[in-house]
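Reading through the structure tokens given below for one structure.
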Amino acid sequence: MGYRSDVIFACVADAVPIMLAEAGKSPALKELLFADADEQLLGDYDSHGSYLFRWSHVKWYDGYPQIQAFNQMIEKIKGFGFGHIHINRDFSY
């Protein structure tokens, strides 16, 4: 089984256009955000247009193309407000 993670990512409205542009360039990132997320609050996370995504029990390895694209997107929104929580769990026992 291996490691699984619970992950939450949220970004402020000012970062959303960059996130969407990156998702438009990367099918892997687009799938991760808009197809694979267990929960999406798109523009209604708060009253200011922020986005929130949550994944449960997901394989979140840096070598996966969608995670590489996610990390590249994070680099591009670093000047804006965002949060990323990643909790690893080992289910190999």
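Quick one: net charge around ALA13, please, counting Lys, Arg +1 and Asp, Glu -1 for every other residue with C-beta under 13 Å from its C-beta.
Working: positive: none; negative: ASP14, ASP44, ASP46.
Around ALA13, the charge tally is -3.
Taking only Cα atoms and a 10 Å spring cutoff, compute GNM fluctuations for the chain and point out the largest among SER56, SER26, SER47.
Checking each option, the largest mean-square fluctuation is seen for SER47.
Under the rule of -39500 (n - 2.57) per DSSP H run of 4 or more residues, summed and divided by the residues of the chain, what mean residue ellipticity at 222 nm is obtained, to the nearest 500 deg cm²/dmol? Before the final figure, lay out each step's value.
Numbers: 3 runs with 27 residues, N = 93.
The per-residue figure over the chain is -8000 deg cm²/dmol.
Along the Cα→Cβ direction, 7 angstrom out, place labels at HIS86 and HIS48. What is the inter-label distance in nm?
The two pseudo-label positions are separated by 2.5 nm.
Roll a 1.4 Å probe over the protein chains and send me the accessible area per residue for the chain in Å². Present the calculation step by step, with values, prior to reporting the outcome.
Details: 5410 Å² over 93 residues.
Averaged over the residues of the chain, the accessible area is 58 Å².
Of all the accessible heavy-atom surface of the chain, with the other protein chains kept in place and a 1.4 Å probe, what percent is carbon and sulfur? Mind dumping the intermediate values first?
On the way: 2860 of 5410 Å².
Within the chain, the accessible surface is 53 percent carbon and sulfur.
So what J values fall out for the stretch 14-31 if you push phi through Karplus, 6.51 cos²θ - 1.76 cosθ + 1.60 with θ = phi - 60°, rounded to Hz, Gly and Pro as x?
5, 8, 4, x, 5, 4, 5, 5, 5, 5, x, 8, 10, x, 5, 5, 4, 5
Calculate I(q)/I(0) for the chain by the Debye formula, one identical point scatterer on each C-alpha and no solvent, and give its log10 at q = 0.24 Å⁻¹ to two decimals.
Log-scaled intensity ratios, in q order: -1.33.
May I ask for the angle, rounded to the nearest 10°, between helix 65-76 and the longest principal axis of the chain, with both axes built from Cα atoms and the value confined to 0 to 90°?
Result, in degrees: 40.
Just to be sure I understand the model, the point goes 7 Å from the Cα along the line to the Cβ. What's the resulting PHE34 to LYS76 distance in nm?
Taking the two extended label points, one gets 1.4 nm.
Can you send over the solvent-accessible area of TYR61, 1.4 Å probe, protein chains only, in Å² to the nearest 10?
80
The values are calculated or read from the model by the stated rules, or taken from the named source; none is laboratory data. Just so you know, these numbers come straight off a predicted model, no measurement behind them. Virtual Cβ from ideal backbone geometry, glycine too; neighbours counted across all protein chains shown. Areas reflect the complete protein model, heavy atoms only, side chains present, ligands, DNA and RNA absent. Shrake-Rupley method; radii C 1.70, N 1.55, O 1.52, S 1.80 Å.
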